[in-house]
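Reading through the structure tokens given below for one structure.
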Amino acid sequence: MVVVHSHPTVTGTILRVRGPLELKCQLGSTDVFQIQKVISGTFEALRSQVKSEACVLSVCDSPVIIWPNKGVRATPEEITPVNLCEDLNQWIQTDEQESFGKKSGKKKSKKSSAVSVINLHLMMEVTNSGSLPAPILSRTVQKSHFLATTLPIDCVVCTSSDSTIKDACEHLMEALTHQLCEMEKVTLQHMNGTTLLVPEAFHFLLPEPKGLMTVVYPAGVPDSQLVTQRKELHQQYELPVDKSYFRRANAYHFPGEPYRDGYLRNPHLALTHPILDDGKVYLVQGIYSYHHYMQDRMDDNGWGCAYRSLQTICSWFQQQGYVEHPVPTHKEIQQALVDVGDKQSSFVGSRQWIGSIEVQAVLNQLLSVTSKIMFVKYVAKQHLVSIHVYVDNLDSL
């Protein structure tokens, strides 16, 4: 784990560059020091490649292509290095435009949200202009080991309203080079013989004024084995230890980026809050996915209410990073109740409904989350059974 970069604010325009870089090296020795030396040399070659004129940035969903190391040359020619970075939004094609048959070109500027994200794709030119020499073929007989993997580059830079394209490209090149340095450190740190763990970049949004920052983790190493590193980050950024900030599940979700599972997130934010004469409205903190009847190709109409409520609760714990357990299915919920002795084995696969007591039991069984049943009395003499959840016994880091 290595901290890559941080941005004190997340307002204005975020430039996000993603793309694959091929890490290929030939090992002629089994000596650990020699292997590390070869891998470091390969990373150095990749950093030189990123800083070379062959590096190309393509603005996604637009005709814009930028050569950041060729004097920030761009196409279309209307785009110059001194143009404001946020002006690139005018060239990005929207779904609405495509529905009207406009496949390319400049779009009209419109009012955007506080944070806009410009996605760029990292590419490399593989040919040079001018005449090319005739290829030379040679054959060498040698026993060696060949390592090859793809580095998933994912780099972000936050720009201000007065940042030019030239300024943004300079910052991007610095950030890309730095991310490759940190990926090298993670790769060497977690090597096992000639087996490499792919380094992955994750972006986290910390409380102001810290803002957006990036951390590189080794793929395949679970969060449970990275507690020491996360504890160091909490201390470094003076963050409380009763809340998770650096688990993979806490990764920042960029505006406009769809969720892979297809579920709605935090629908309460789009709803009109009720007006109460003698009461207060309390909103959940954090992100959860909304689970409802008939989802997941499951016909639970008329009996799945508490199952869906339980799934929604479980999603909150998962997406806050408190647990790694996936949101349980109906069958897994039923099996958990059988395992704790609350139901008979015939309950699994049935269409029987459950209530708050069962929800409490499943939370404890699957997530080790303790809770308390509370009865809330209304003026209308009605009672609402609610579950009060405690997270003190969870590993926040």
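The values are calculated or read from the model by the stated rules, or taken from the named source; none is laboratory data. These numbers come from a predicted model, not from an experiment. Backbone-built Cβ (ideal geometry, glycine too); neighbour counts: all protein chains shown. Heavy atoms of the whole protein, side chains included, go into the accessibility calculation; ligands, DNA and RNA do not. Shrake-Rupley method; radii C 1.70, N 1.55, O 1.52, S 1.80 Å.
In this Cβ point-charge picture (+1 for Lys and Arg, -1 for Asp and Glu), the chain has a dipole of about 380 debye about its Cα centre.
Only protein heavy atoms count here; on that basis, with a 1.4 Å probe, E332 has an accessible area of about 80 Å².
Per DSSP H run of n ≥ 4, the term is -39500 (n - 2.57); total these for the chain, divide by its residue number, and report the mean residue ellipticity at 222 nm rounded to 500 deg cm²/dmol.
Working: 7 runs with 96 residues, N = 397.
Value at 222 nm, helices only: -8000 deg cm²/dmol.
Computed with every protein chain present, the accessible area of V64 is close to 0 Å² [probe 1.4 Å]. F375 sits with roughly 150 Å² accessible to a 1.4 Å probe, with DNA, RNA and ligands left out of the calculation. Between amide H atoms placed 1.01 Å from N, distances below 5 Å from L21 occur with L151, I153, all of them 5 or more places distant or on a separate chain. At full extension, D342 and V284 could sit 17.9 nm farther apart than now, given 0.36 nm per residue minus the alpha carbon distance. Does a label point 7 Å from the Cα of S368, set along Cα-to-beta-carbon, have any residues of segment 221-257 with amide nitrogen under 20 Å, and which are they? Counting only backbone N, you get 221-232, 241-250. Distance between the pseudo-spin-label points of T94 and N192 (7 Å out from Cα toward the beta carbon): 4.9 nm. A cut-off of 5 Å between modelled amide H atoms, ignoring neighbours fewer than 5 places along the same chain, links Q93 with S62.
Specify which residue in the list V216, T312, A201 is farthest towards the positive end of the charge dipole of segment 164-322, using unit charges on the beta carbon of Lys, Arg (+1) and Asp, Glu (-1), about the Cα centre. It is T312, whose Cα lies furthest towards the positive end. When the scattering of segment 143-216 is computed by the Debye formula from its Cα atoms alone, each counted once and equally, what is log10 I(q)/I(0) at q = 0.11, 0.24 Å⁻¹? Rounded to two decimals, the profile gives -0.39, -1.15.
What percent do you get for the relative contact order of the chain when only Cα pairs under 8 Å and 6+ apart count?
On the way: 616 pairs, mean separation 67.5, N = 397.
Normalised by residue count, the contact order of the chain is 17 percent.
Among P218, P133, P209, the largest mean-square fluctuation in a Gaussian network model of the chain (Cα springs under 10 Å) belongs to P133. Surface listing: W353, W67 arranged by accessible area from highest to lowest gives W353, W67, probe 1.4 Å. Largest first, the residues I92, I333 sort by 1.4 Å accessible area into I92, I333. In plain terms, the chain from Q49 to Q236 could stretch by 64.0 nm, reckoned as 0.36 nm per residue minus the Cα-Cα distance.
Measuring between their Cα centroids, segment 211-277 and segment 132-182 lie 28 Å from each other. Accessible-area rank, largest first, for E208, E22, E182, E238: E238, E208, E22, E182, with all protein chains present and a 1.4 angstrom probe.
Please identify the helices of the chain, taking whole runs of DSSP H, that span at least 24 Å along their own axis as judged from the Cα atoms and have a mean Kyte-Doolittle score of -1.0 or higher.
32-50, 165-189
Only Cα sites of segment 204-347 enter the Debye sum here, all with the same form factor; the resulting log10 I(q)/I(0) across q = 0.09, 0.18, 0.19 1/Å is -0.40, -1.19, -1.25, listed in q order. By the Cα gyration tensor, segment 110-261 has an equivalent ellipsoid whose semi-axes, rounded to whole angstrom, run 34, 26, 13 from largest to smallest.
Please give the FRET efficiency for D31 paired with L269, using the beta carbon to beta carbon distance and R0 = 56 Å, rounded to the nearest 0.05. Efficiency computed from Cβ-Cβ geometry: 0.50. In plain terms, the chain from S116 to S40 could stretch by 23.8 nm, reckoned as 0.36 nm per residue minus the Cα-Cα distance.
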